[in-house]
Structure formats: C-alpha cells, structure tokens
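Trainee: After the structure tokens below, expect a handful of questions from me.
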Amino acid sequence: MKRRAARILLLVIAGFYAYGATVHVLKMASMTGFQWTQAPLKWQLLDIVYLALDLIAVVGLVLDRRFGWIAVLIAALSQLLLYTLLRDWVLDVPAAFRPTAEQVAYLDGLVAFHGITLAVLAVVWWLRRSA
C-alpha cells in the first residue's frame, strides 16, 4: 500500500513538471504575452535549462529512475534560490519586460510549489523506506 501511494505521488509530481515543461515551450513559442526572442537573455537561458530539467524529471519519475529525483531536486532547489535570494536579479530586466504584481505573485506561488514538492518527495522517500 505504501509503495502504491509513493508511486501515485511521484506521478502527480511528474504531471506538474510536465505542465512546467509545457509553460516553457509556450514561452519559447511566444504564446505567453511577449516575444521570447526579445526577452532578456537570462530569461531565455532559464527557460531552456528548466525545460530540460522538467523533461528529465518527468521521464525519470515516470520510469521511477534516480535521475528523475535528481532533476526534481536540482529544479526545485535552484528555483527556490532564484525566486527568493536572487529574485532581484531575475526581475532586473528592461522596462518592457518588468512583471506585473500578478506575475510577481506567481513567483511566490512557484516558491510554495517547490517547497511542497520537496516535502512530498521526502514523504515518498519515507514511504519507500518504511515499506
């Protein structure tokens, strides 16, 4: 029962990371409100890096491989760092790309999401160890 619950939680996390990958693709396709090719270079690089990490996480979690866990840990921890301690750097962009208050609130949501994701991974790890 514990292993089944752990598996379901991993698949839920994979689903959220699949959604994240989709968001990065939509940004790259300039379908999120601005021309991606005109965006600040750091945003473009972050989209590429996190698209790769999200895809690796999804595949790894679905296949139940260690590299999926590692990708999630790298993505979650680095985004927590980016959207807390390095937030000013992320948001230091030309006026045309300055985020609205709603978009900044979205970053707060990402901080919460990644914190919760790390907590759920800890639960999955515990469920597997105690099974």
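Trainee: So if each residue of separation counts as 0.36 nm, and I subtract the Cα-Cα distance between Ala95 and Ser78, what length gain in nm does that give?
Mentor: Residue separation times 0.36 nm, minus the Cα-Cα distance, leaves 3.6 nm.
Trainee: Expressed as a whole number of Å, what is the distance separating the alpha-carbon centroids of region 105-121 and region 7-85?
Mentor: So the separation of the two Cα centres works out to 13 Å.
Trainee: Mind grabbing the base-10 log of I(q)/I(0) for region 76-131 at q = 0.18, 0.20, 0.29, 0.31 Å⁻¹? Debye formula, identical points on the C-alpha positions, no solvent, two decimal places.
Mentor: Cα-only, vacuum Debye calculation for region 76-131: -0.66, -0.74, -1.11, -1.17.
Trainee: So, for the chain, what is the accessible surface per residue at a probe of 1.4 Å, expressed in square angstrom? List each step's numbers first, then the result.
Mentor: Numbers: 7910 Å² over 131 residues.
Accessible surface, normalised per residue, equals 60 Å².
Trainee: In nm, to one decimal, how far is the Asp88 label point from the Ala122 one, both placed 7 Å along Cα→Cβ?
Mentor: Here the answer is 2.9 nm between the modelled labels.
Trainee: With θ taken as phi - 60° and the coefficients 6.51, -1.76 and 1.60, list the Karplus ³J(HN,Hα) couplings across region 62-72 in order, rounded to whole Hz; mark glycine and proline as x.
Mentor: Calculated HN-Hα couplings, in order: 5, 7, 6, 10, 4, 4, x, 4, 4, 4, 5 Hz.
Trainee: Here's something else I'd like to know. Apply the Karplus parameterisation 6.51 cos²θ - 1.76 cosθ + 1.60, with θ equal to phi minus 60°, to every residue of region 79-86 and state each ³J(HN,Hα) to the nearest whole Hz, in sequence, with x for glycine and proline.
Mentor: 6, 4, 5, 4, 8, 10, 5, 9
Trainee: Grab the DSSP H runs of the chain that are 4 residues or longer, score each as -39,500 (n - 2.57), total them, divide by all residues and round the 222 nm result to the nearest 500 deg cm²/dmol. Don't skip to the answer; put the middle values down first.
Mentor: Numbers: 5 runs with 102 residues, N = 131.
Here the helix-only value at 222 nm equals -27000 deg cm²/dmol.
Trainee: Label region 21-91 by shape, choosing from rounded, prolate and oblate, from the square roots a ≥ b ≥ c of the eigenvalues of the Cα gyration tensor; if a/c is under 1.5 it is rounded, and otherwise prolate applies when a/b is larger than b/c, oblate when it is not. Can you show the working numbers first?
Mentor: On the way: a/c = 3.17, a/b = 1.43, b/c = 2.22.
Taking the square roots of the gyration eigenvalues as a ≥ b ≥ c, region 21-91 is oblate.
The values are calculated or read from the model by the stated rules, or taken from the named source; none is laboratory data. These numbers were taken from a predicted model, which means no experiment stands behind them. Every residue, glycine among them, receives a Cβ derived from its backbone with ideal geometry; neighbour counts consider all protein chains shown. Ligands, DNA and RNA are excluded from the accessible area calculation, which covers all protein heavy atoms including side chains. Shrake-Rupley method; radii C 1.70, N 1.55, O 1.52, S 1.80 Å.
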